[in-house]
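The values are calculated or read from the model by the stated rules, or taken from the named source; none is laboratory data. Here the structure is a predicted model, which means the values were calculated and not measured. Don't worry about glycine lacking a Cβ; one is built from the backbone with ideal geometry, like all the others, and counts go over all protein chains shown. When the accessible area is computed, the model is the full protein with side chains, heavy atoms only, and any ligands, DNA or RNA have been set aside. Shrake-Rupley method; radii C 1.70, N 1.55, O 1.52, S 1.80 Å.
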Amino acid sequence: MAVKFDLHEKPRTNPDDPVSYIPRLVSSGTVTLKQLCHEINAGNSITPSDVKAVLSALSAYMAQHLRDGHTIDIDDLGTFRLSLKSLKPIDYFDDNTAARQLALARIIFTPKKEFFRHCAPTSYHRVAHPRRKSLALSDEEILTRMTVYMEQVKERLFTTRDLMNATGFSHTTACKRLKALVASGLVKQYGRDRHHPYYALISSDATTSPE
């Protein structure tokens, strides 16, 4: 089974830098403990209830040893250890109150090489309709993208869907930003068809109001 992925625009510290994209895995769903127990049972003589009991006990003992500061090394799988964080800045090395500011940051899992190799997908498939996280674009960046987009499609009016195509916004974000652009006088809303209102840029030299 192929691993599904999507491409997301890489954040740029300098707006003049070229646009590039990074791949991100798209989840294929969640596998539950019950499913794992039945799968292990199918390949062994162990009953699902026995598998669940062993895994539950393993989880409890692992948590106990991690709380005691141990690193847990599981053959053919990997190692587990805790990572700490400070709730407040520790300003000097001999701070006797530092322990009071500490908390668990995360549990670090480092896979063994063999396990890592087994996890490598055999093929990759890009999803056709990904659920995107909307980019943080300014009003000026939105207007610029819409100007370029409308020049390409040779239209003077656009819909919410057009804004989504030009910016990568989700439908919710596109509606929210359009409402703000209309309120600020950068975009004007016109009559609607059966489903969608139309909009026009009124602050761009390249695309002006059709009135």
Count of residues meeting criterion [farther than 25 Å from LEU102 by Cβ and either in contact with a helix residue (DSSP H, G or I) (Cβ under 8 Å, 6 or more places away or on another chain) or of a type in the set (Lys, Arg) (or both)] in region 64-77: 2
Identity of the residue in region 23-61, loosely packed, with under 11 Cβ neighbours inside 10 Å and among the β-branched types (Val, Ile, Thr), that ends up nearest to the chain's Cα centre (by Cα): THR30
Residue within region 2-9 that is on the phi > 0 side of the Ramachandran plot and not charged (D, E, K, R) present: no
Residues of region 1-20 that turn out to be closer than 30 Å to SER56 by Cβ and either of a type in the set (Val, Ile, Thr) or not in a loop (DSSP other than H, G, I, E, B) (or both), as a count: 1
Cβ pairs under 9 Å, 6+ apart, first in region 43-64 and under 23 Å from LEU82 (Cα atoms), second open to solvent by less than 70 Å² (accessible area, probe 1.4 Å) and not aliphatic (A, V, I, L, M): LEU55/CYS37; MET62/PHE80
Close pairs (8 angstrom Cβ cut-off, 6 or more residues apart or separate chains): outside any loop (DSSP other than H, G, I, E, B) in region 21-40, among the basic types (Lys, Arg) anywhere: TYR21/LYS10; ILE22/LYS10; LEU25/LYS4; LEU33/LYS52; LYS34/LYS52; CYS37/LYS52
From the options VAL182, VAL187, residue that is buried (at least 17 other Cβ atoms within 10 Å of the Cβ), more than 30 Å from LEU66 (Cβ to Cβ) and modelled with pLDDT of 90 or more: VAL187
Of residues in region 5-22 being among the acidic types (Asp, Glu) and open to solvent by less than 70 Å² (accessible area, probe 1.4 Å), the one modelled with the lowest pLDDT: GLU9
Exclusive hit being touching a strand residue (DSSP E or B) at 6+ places or on another chain (Cβ under 8 Å) and over 30 Å from MET62 (Cβ atoms), set LEU186, LEU137, LEU102: LEU186
